[in-house]
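Here is the structure we will look at.
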Amino acid sequence: MNTFVDLLKAEHAAAMKAKASAFAKAEAKKQRAFMASQKRQANAQRVENSALRNEDFYYTDSSKYAKQYYGETYYETTRHDNDWG
């Protein structure tokens with residue numbers, strides 16, 4: 001048979017195998033890094049003095065935030081909101 005074609009096919013197959021191997025190694029490295037970060041997140045401790053647990057943190061409660069920072073203006077602006085009758 002044609003040995004040149006067979007040699008080319010063998011070289012191509014070897015190159016594809018090497019490329020696939022390099023890709024698999026890179027993906028395995030990414031996966032290990034991801035799993036390490038997941039493990040760190042799982043072990044993270046929540047602290048009670050976190051800003052999200054602090055009573056002074058009103059950004060999640062719009063009415064408390066508006067009352068604290070805008071006071072009378074907030075009241076005068078919204079006092080007739082529910083009077084539609």
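Some points to look at:
- The slack between N82 and A28, meaning 0.36 nm per residue of separation minus the straight C-alpha distance, is 13.5 nm.
- For the peptides 62-71, 2-11, residues were scored by their other Cβ atoms within 10 Å and the scores averaged per peptide; the highest-first order is 62-71, 2-11.
- Full extension of the chain between E72 and Q45 yields a length gain of 5.7 nm, computed as 0.36 nm times the residue separation minus the alpha carbon distance.
Throughout, read-outs are computed from the coordinates displayed, never taken from laboratory work. From a predicted model like this one, the values you see are computed outputs, not experimental measurements. Cβ atoms come from the backbone with ideal geometry, glycine included; neighbour counts cover every protein chain shown.
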